[in-house]
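Heads up, the thing below is written out as structure tokens.
The values are calculated or read from the model by the stated rules, or taken from the named source; none is laboratory data. Just so it is clear, the model here is predicted, and its values are computed rather than measured. All Cβ positions, glycine included, derive from the backbone under ideal geometry; neighbour counts span all protein chains shown. Accessible surface areas use protein heavy atoms only, side chains included; no ligands, DNA or RNA. Shrake-Rupley method; radii C 1.70, N 1.55, O 1.52, S 1.80 Å.
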Amino acid sequence: MGTGTGKKGGWRDMVAGQSGRDGVEYTESCPDLCENGMSADSLAPDAEESLENKEWLESLDEVLDRTGPDRVRRLFGELACHAHGRGVRLPFSANTPYINTIPPEGQVPYPGDLEIEKRIEDLMRWNAMAMVVRANREEAGIGGHISTYASAATLYEIGFNHFFRAPTEGHPGDLVYFQGHASPGMYARAFMEGRIPLEQIDNFRHEFHDKPGLPSYPHPWLMPDFWQFPTVSMGLGPIAAIYHARFIKYLEDRGLKEPSDQKIWAFLGDGETDEPESLGAITLAAREHLDNLIFVVNCNLQRLDGPVRGNAKIIQELEAAFRGAGWNVIKVIWGSEWDPLLARDRNWSLMRRMGEVVDGQYQKYVVESGEYFRNDFFGKYPELLEMVKDIPDDELHRMRRGGHDPEKVYAAFKRAFECQGSPSIVLAKTIKGYGLGEAGEGKNITHQQKKLNEAELRVFRTRFDIPVSDEEIDTIPFYRPADDRPEMQYLQARRKSLGGYIPVRRPLANKPGMPDDDAFAEFLEGTGGREVSTTMAFVRLLANLLKDKEIGKLVVPIVPDEARTFGMEALFRQVGIYSHPGQLYEPVDRDNLLYYREAKNGQILEEGITEAGSLSSFIAAGTAYSNHGINTIPFFIFYSMFGLQRVGDLVWAAGDGRCKGFLIGGTSGRTTLAGEGLQHQDGNSHLLAYPVPNLMAYDPAYAYEMAVIVRDGIRRMYVDGEDVFYYITVMNENYAQPAMPDGMSEGIVKGIYRLKPADGAKVQLLGSGAILNEVGKAADILGDRYGVAANVWSVTSYKELCREAQEAERWNTLHPGEEPRVPYVTQCLSDAPGPVVAASDYVKAIPGSVARWLPRTPVVLGTDGFGRSDGREALRDFFEVDAAHVAVAALSALSRDGQVAAEVVRQAAADLGVNTERPDPVGR
Ligand SMILES: Cc1ncc(C[n+]2csc(CCOP(=O)(O)OP(=O)(O)O)c2C)c(N)n1
Ligand SMILES: [Mg+2]
């Protein structure tokens, strides 16, 4: 950084020299330039004041020229303190003026061949557009996006040609979260690189049309060798990227990964930043000094319907938010054509004008003529009109925004890449639908533009000089130069020098062995009458696994400030809480055996109260097998009500991303979580687990069931390499944990087994989770008081039973005349006589989901409705899932069969305290 070249140059050096963490508080003397520039009036000093100002500025220049920007910075600090001490409240702004953060003199020489790179980029633009238009010509309404990539092409091309490294022997490679709607551009590049053949690129959004096809957006589930991160549900990419960057530091600090300069790049839309997830974790990134993280926000000022901030400025808003959070913010607003104008901007009129125009108006300039631009933008101040008087209208109109200028973008990316100690964000101003001209450039409809007519295609073709003739233009042919053409050689050489192609997704690395059986043994033996909860059993199992020689190091416990709720505090001491700086204070409970121990090599990710953040960590850990070749096994334990219900979309993304690991829903069950009431009591989460195709969901009642499921899960996911993950609920009700009856493992894993067979059983009782004990008690009541023998079945997973039965049913439908397959649940119960009563602590739809494969239509008891604050007994009575209700339901079903007199049922209800005239709890 030079010492400045006079008033403005030196001042701009100071702005450019700022990084998010350098401790410089930028409390400017002209704040209106730095905010949205709306209050120019405040800059109208009288003559005396003007003179005084001039003297101050001259003094400043003198200091700057003589001693440089650092001295000026200190001087400002001193002045600010002094003024503060004298009671002056200085204006605060987290913003810098609406100009590029990096001044022209701060730019490094461009290291590439601009001309050839432009050629390559133009071809990408054409092919990406052709892909969408062709797909929509073939099938109207199939969709796709042209304008997102059109605005972001330069940002990506600078990345691909100069920054994004592929994994090689010597380097782990960078990880790029591509903006989902920009996928046509990524496919176009892969096509140009020769990774995706012509037939495939022509099957965009036609995955079944003709193999192979291309999915709409980045989906690792659908392209497991290509896409790494599902980003298209907006907001999930940014938060996942932040926690991923932090997880890399965790792996490094724990000695599981070689430290490197690997970067995570996350590309997002400016509209996308309105999603709470996008900005929700930005303070964490700064706090954790994630200098391995770079956000690039494509600020095309538009979202789907219209402007992101018509009446304000999204770039300034984001700058303030990210600078305030401690990020290194780099604004790329103006292209090089503006540099000479800014250099002549003696009294800051241009900068002020740039600051006062709102985004909606900037959008208007895109669709208007150069003349309009001149009059409306420059015409506000006579000196500005004078400044551009020699620039013709069309040239004025062509002056680029920063995000379309490769030199500006390169300089910004380089600054971000080199930043140490804090994450960086590049705010790049672009035009949505850049290059589409009349077909949509800057228009409100551009996001939805999927079709170009012949005239529009010609304009596009000519603007980007694509060698497609007028005769063939209407067929919109893809264009890929021969491999020996200079642009192709350049493109390949750039990728080669950066280690190869990206994105690239890799399969499971070096599979680990199974943990020692000892880790599970104690749970199979039961507690010998001692009453413990399945949560306690789980925490003990987790502690055992953490000690295991084979997998101990790989286990990643994750909690959102609930460790004490789940009785996990012993783990604080055992494995420590991860903290990059270690523990810089003496914890208040240091004398306690189980003190709050933070450590650099701590293993627990204590995320604080953020289920979205915790799930993002879960995804980072659960996909590390692919992204880092490390088979970390995450166990994320949380309040079950705040899991699938609250952050279900992240769970969906985890499924798409082929994430592995265990989601542990604690304090689960609508009636088992006593006291907490309506917002906490979960009777839903298992139902919400149904639609996630690769999520195995279990509601175990006993510690041995849970242990068998976890062991099977580790085998399936990590040893056999299946792309599934697990949701297991655990409860906080204490009861004696029985020993596992022999030979039950298979049934536990498949979803049902007979727990208590009864001689001469007349009725089948199905129970799961904590309600299994109520069902067991009901069986005793039925036997002891009514002479009705009942079989008790433990259902560990209705979802598994349902999935397997649907599979069998489908096969049978498609294979008439062949020996039909019998679903497992049907096999289990086929010889079981009498009515079936199924009771669950979850909504009735869950047991109901297997009804058609049971020998009899079951009577289903479940906990539909809003929870209440009360004890378990009262809750189970209210929701009609206690032993009394199960017993009465069984007797009632038997009475319909003519096995029991109706009067006996009525009397039983009275004797057992079942109020038959209460309204249904679902409506209460
Ligand atoms: C969570 C979520 N909500 C809504 C959408 C639908 N959607 C797709 S793109 C888009 C507009 C995107 O605007 P922006 O983030 O500014 O990206 P741009 O295309 O302008 O780069 C919307 C609303 C989505 N994909 N995800
Ligand atoms: Mg946008």
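Assorted remarks:
- Only one entry in 727, 718 is open to solvent by less than 10 Å² (accessible area, probe 1.4 Å), under 21 Å from residue 805 (Cα atoms) and under 31 Å from the mean Cα position of the chain (by Cα), namely 727.
- Output for segment 326-346, where each listed residue is part of a strand (DSSP E or B) and either surrounded by fewer than 16 Cβ atoms within 10 Å (Cβ to Cβ) or of a type in the set (Val, Ile, Thr) (or both): 329, 330, 332
- All helices (runs of 4 or more DSSP H) inside segment 845-902 with 3 or more residues being not small (Gly, Ala, Ser): 872-878, 883-896
- The set of residues in segment 406-434 being in contact with a strand residue (DSSP E or B) (Cβ under 8 Å, 6 or more places away or on another chain) and in a loop (DSSP other than H, G, I, E, B) consists of 419, 422, 423, 430, 431, 432.
For every residue, the table says whether it meets (1) away from ligand 2 (no atom under 16 Å from the Cβ); (2) more than 26 Å from residue 583 (Cα to Cα).
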{"position": "250", "(1), (2)": "yes, no"}
{"position": "292", "(1), (2)": "yes, no"}
{"position": "296", "(1), (2)": "no, yes"}
{"position": "337", "(1), (2)": "yes, yes"}
{"position": "349", "(1), (2)": "yes, yes"}
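- Residues of segment 187-202 that are open to solvent by less than 10 Å² (accessible area, probe 1.4 Å) and not in a helix (DSSP H, G or I): 196 alone.
- Residues satisfying the stated conditions in segment 389-424, i.e. within 15 Å of ligand 2 (Cβ to nearest atom) and either open to solvent by 20 Å² or more (accessible area, probe 1.4 Å) or not small (Gly, Ala, Ser) (or both): 401, 404
- Every residue from segment 435-449 that is open to solvent by 40 Å² or more (accessible area, probe 1.4 Å) and touching a residue at least 60 places away in the same chain (Cβ under 8 Å): 443, 444, 448
- Residue count, segment 301-325 (criterion: of a type in the set (S, T, N, Q) and either away from ligand 2 (no atom under 14 Å from the Cβ) or open to solvent by 10 Å² or more (accessible area, probe 1.4 Å) (or both)): 2
- Some residue of segment 192-206 being within 16 Å of ligand 1 (Cβ to nearest atom), over 20 Å from residue 298 (Cβ atoms) and at pLDDT 95 or above: yes
- In segment 435-458, residue farthest from residue 400 (Cα to Cα) [restricted to those that are away from ligand 2 (no atom under 15 Å from the Cβ) and outside any loop (DSSP other than H, G, I, E, B)]: 454
- Pick from segment 80-116, criterion open to solvent by 80 Å² or more (accessible area, probe 1.4 Å) and not in a loop (DSSP other than H, G, I, E, B), ranking: modelled with the highest pLDDT: 115
- Checked against (1) within 16 Å of ligand 1 (Cβ to nearest atom); (2) touching a Leu at 6+ places or on another chain (Cβ under 7 Å), residue 186 meets all criteria but (2).
- Top-ranked residue in segment 255-276 [being more than 16 Å from ligand 2 (Cβ to nearest atom), farther than 22 Å from residue 502 by Cα and open to solvent by 40 Å² or more (accessible area, probe 1.4 Å); ranked as farthest from the chain's Cα centre (by Cα)]: 255
- Tabulated pairs, segment 337-364, first small (Gly, Ala, Ser), second open to solvent by 10 Å² or more (accessible area, probe 1.4 Å), C-beta under 6 angstrom, 6+ apart or interchain: 349/381; 349/383; 360/307; 360/310
- Checked against (1) among the hydrophobic types (A, V, I, L, M, F, W, C); (2) in contact (Cβ under 8 Å) with a residue 12 or more places away in the chain; (3) away from ligand 2 (no atom under 16 Å from the Cβ), residue 279 passes all but a single condition, namely (3).
- Counted residues, segment 343-375 - those being among the β-branched types (Val, Ile, Thr) and more than 21 Å from residue 395 (Cα to Cα): 1
- Within segment 660-688, residues that are over 24 Å from residue 713 (Cα atoms) sit with their Cβ atoms under 8 Å from residues that are in a strand (DSSP E or B), at 6+ positions apart or across chains, in these pairs: 680/639.
- Residue 923 meets all of the listed conditions (1) modelled with pLDDT of 95 or more; (2) open to solvent by 30 Å² or more (accessible area, probe 1.4 Å) but one, namely (1).
- Test: residue in segment 496-503 that is under 30 Å from residue 114 (Cα atoms), modelled with pLDDT of 95 or more and charged (D, E, K, R): yes
- Looking only at segment 526-565, and only at residues there that are of a type in the set (Val, Ile, Thr), at pLDDT 95 or above and outside any helix (DSSP H, G or I), the one that is surrounded by the fewest Cβ atoms within 10 Å (Cβ to Cβ): 532
- Being more than 30 Å from residue 258 (Cβ to Cβ), among the small types (Gly, Ala, Ser) and either open to solvent by 10 Å² or more (accessible area, probe 1.4 Å) or in contact with a strand residue (DSSP E or B) (Cβ under 6 Å, 6 or more places away or on another chain) (or both) is not true of residue 653.
- Residue 149 being among the hydroxyl-bearing types (Ser, Thr, Tyr), within 23 Å of the chain's Cα centre (by Cα) and away from ligand 2 (no atom under 16 Å from the Cβ): no
- Helices (runs of 4 or more DSSP H) enclosed by segment 704-823 - at least 2 residues per element that are of a type in the set (Asp, Glu) and within 24 Å of residue 849 (Cβ to Cβ): 798-814
- Filtered residue count, segment 147-176, keeping only those that are outside any helix (DSSP H, G or I) and open to solvent by 10 Å² or more (accessible area, probe 1.4 Å): 7
- For segment 244-287, filtering for residues that are assigned to a helix (DSSP H, G or I) and either acidic (Asp, Glu) or within 16 Å of ligand 1 (Cβ to nearest atom) (or both) leaves 11.
- Residue list for segment 675-704, filter: buried (at least 24 other Cβ atoms within 10 Å of the Cβ) and among the aromatic types (Phe, Trp, Tyr): 698, 702, 704
- Here segment 288-318 is the region considered, the condition is being of a type in the set (A, V, I, L, M) and assigned to a helix (DSSP H, G or I), and the residue that is nearest to ligand 1 (Cβ to nearest atom) is 314.
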